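Shown next, in structure tokens, is the structure this report addresses.
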Amino acid sequence: MNVDHLYFQKQEEIELAIIYKNYTKLDLLQLKYILLKLHSIISEEQEKISVLNGGIIVDLHDLRKDIFKIAYPYIKTRPNVALSIGIIYQDQEATFTFGGSNFMLEEKPYIYEVGSISKVLTTSILGEMIQEGKVHVEDSLGKYFSSIPDNHPVTLKRLANHTSGLPGIGVLKNIYNVFDAQTPRDPFCQYSLDETIHYFKTHTDEPKVKFRYSNVGMGLLGYILANILHTDYETAIKQRLTDPLNMPNTFISIPSDQADAVLQGYTILGHKKPPLQMNEFMAAGAARSTVHDLLTFMKVHLRDENLGYTLTHQATETFSENIGIGLGWQLADNIIWHNGSTKAFSSYLGFDKTQQTGVVVLSNYRSPILAANPSQIGKDILQLLQNK
């Protein structure tokens, strides 16, 4: 079957046109079903939004079709997927949720594990505390742990930009951990808190590695910040970020009255996984959130409304002319971004301050790196917004 144009109507007699010339094996009824669900979840308020660009109106109706075409290759192979996308274009914003063939959409916020997007929640708190004078970016770890030398070369900055020298994934350490089940370690973290402190106690030289991504390092940073605030990390996130920004559906432990909104997650192969549990290094990846809450968070960064947050956008290491890292944030050309992945969820958040555009993509599937995934979807949507 070769579908050039497919039209059908909602109750309001709004016409939806999707152009498909490449999906020759697509079943017409499946396409109608997906499109009907897509169309039904756009709120009446969102239907009225137009995006202004130099006096030219870009109708959200047309933008929605473009976004769906970007997302469709990802949706079509995942029957239980809930893919939530939020966009910001200058002063306008909109959200979309696309469901797979087995997913029944409901009128409620969908809460996802956001994985390593937790890291930029953590560094946002760091930036704010730097701005307030509570900490300094060059503070040594020795200032916060009595067992570590006062002049230790690893600083808060090095934890935040993954230049602390902490080992990456190691086969021998993984084997050791298998036979040391008595030591509690968080998922995606090869070291416990005590093991991490011991590592820095016994490794006091300047790190030789320029960059090595570390969940443990970011987890330790969150632990330090919470201690400075005389609380635990989960409370610190609530007091310093989610309450002030009015992000009611962002948390770590699942409140009983919000449990129904937390999505079931699936592995790459589509197998169900239980909710993520992290204890010591929650700052590295334990947060849950919604597309609406993350749009709220992103807007503060996009518009430089918080000077502490803006500090985190400044490059602390550069790897090429246009590639670097801030405090937590990845920097690529004008895009400031981070992605995330747990055993059963994947996510992307990125924005361009020069264009005042941004996108959030959340999925309840763990996604492969070399195939369609939320990071690629997010980057494609940002490119779409920049070309409008």
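Within region 245-270, residues that are under 24 Å from R366 (Cβ atoms) reach partners that are of a type in the set (A, V, I, L, M) and surrounded by fewer than 19 Cβ atoms within 10 Å (Cβ to Cβ) with beta carbons closer than 6 Å, at six or more positions or on different chains, in the pairs V262/I254.
Of the strands (runs of 3 or more DSSP E) that lie entirely inside region 302-365, those containing 1 or more residues that are of a type in the set (A, V, I, L, M, F, W, C) and either open to solvent by less than 10 Å² (accessible area, probe 1.4 Å) or at pLDDT below 95 (or both) span 323-325, 346-352, 357-363. P109 meets each of the listed conditions (1) touching a strand residue (DSSP E or B) at 6+ places or on another chain (Cβ under 8 Å); (2) within 25 Å of Q239 (Cα to Cα); (3) modelled with pLDDT under 95 apart from (1). Of everything in region 142-170 that's touching a helix residue (DSSP H, G or I) at 6+ places or on another chain (Cβ under 7 Å) and in contact (Cβ under 8 Å) with a residue 60 or more places away in the chain, which residue is most open to solvent (accessible area, probe 1.4 Å)? Among those that are touching a helix residue (DSSP H, G or I) at 6+ places or on another chain (Cβ under 7 Å) and in contact (Cβ under 8 Å) with a residue 60 or more places away in the chain, it is Y144. Restricting attention to region 123-141, the residues being in a loop (DSSP other than H, G, I, E, B), touching a residue at least 40 places away in the same chain (Cβ under 8 Å) and not β-branched (V, I, T) number 2.
For region 82-122, name all the residues that are assigned to a loop (DSSP other than H, G, I, E, B) and closer than 20 Å to R240 by Cα.
Filtering region 82-122 for residues assigned to a loop (DSSP other than H, G, I, E, B) gives 90-91, 100-110, 114-116.
Result: V114, G115, S116.
For region 286-299, check the following and say yes or no: at least one residue is of a type in the set (F, W, Y), within 28 Å of L385 (Cα to Cα), over 15 Å from the mean Cα position of the chain (by Cα) and in a helix (DSSP H, G or I). Within region 286-299, none of the residues are of a type in the set (F, W, Y), within 28 Å of L385 (Cα to Cα), over 15 Å from the mean Cα position of the chain (by Cα) and in a helix (DSSP H, G or I). Regarding Y199, is this residue among the aromatic types (F, W, Y), surrounded by 13 or more Cβ atoms within 10 Å (Cβ to Cβ) and modelled with pLDDT under 95? So Y199 passes the test.
Going through (1) among the hydrophobic types (A, V, I, L, M, F, W, C); (2) in a helix (DSSP H, G or I); (3) open to solvent by 20 Å² or more (accessible area, probe 1.4 Å) one by one, I268 falls short only on (2). Taken over region 96-109, the criterion of being within 14 Å of L362 (Cα to Cα) and open to solvent by 20 Å² or more (accessible area, probe 1.4 Å) is satisfied by T97, P109.
The values are calculated or read from the model by the stated rules, or taken from the named source; none is laboratory data. Computed from a predicted model, the values in this text were never measured in an experiment. Please note: Cβ atoms are built from the backbone with ideal geometry, for glycine as well, and neighbour counts cover all protein chains shown. In case anyone asks, the SASA skips ligands and DNA or RNA and just uses the protein heavy atoms, side chains included. Shrake-Rupley method; radii C 1.70, N 1.55, O 1.52, S 1.80 Å.
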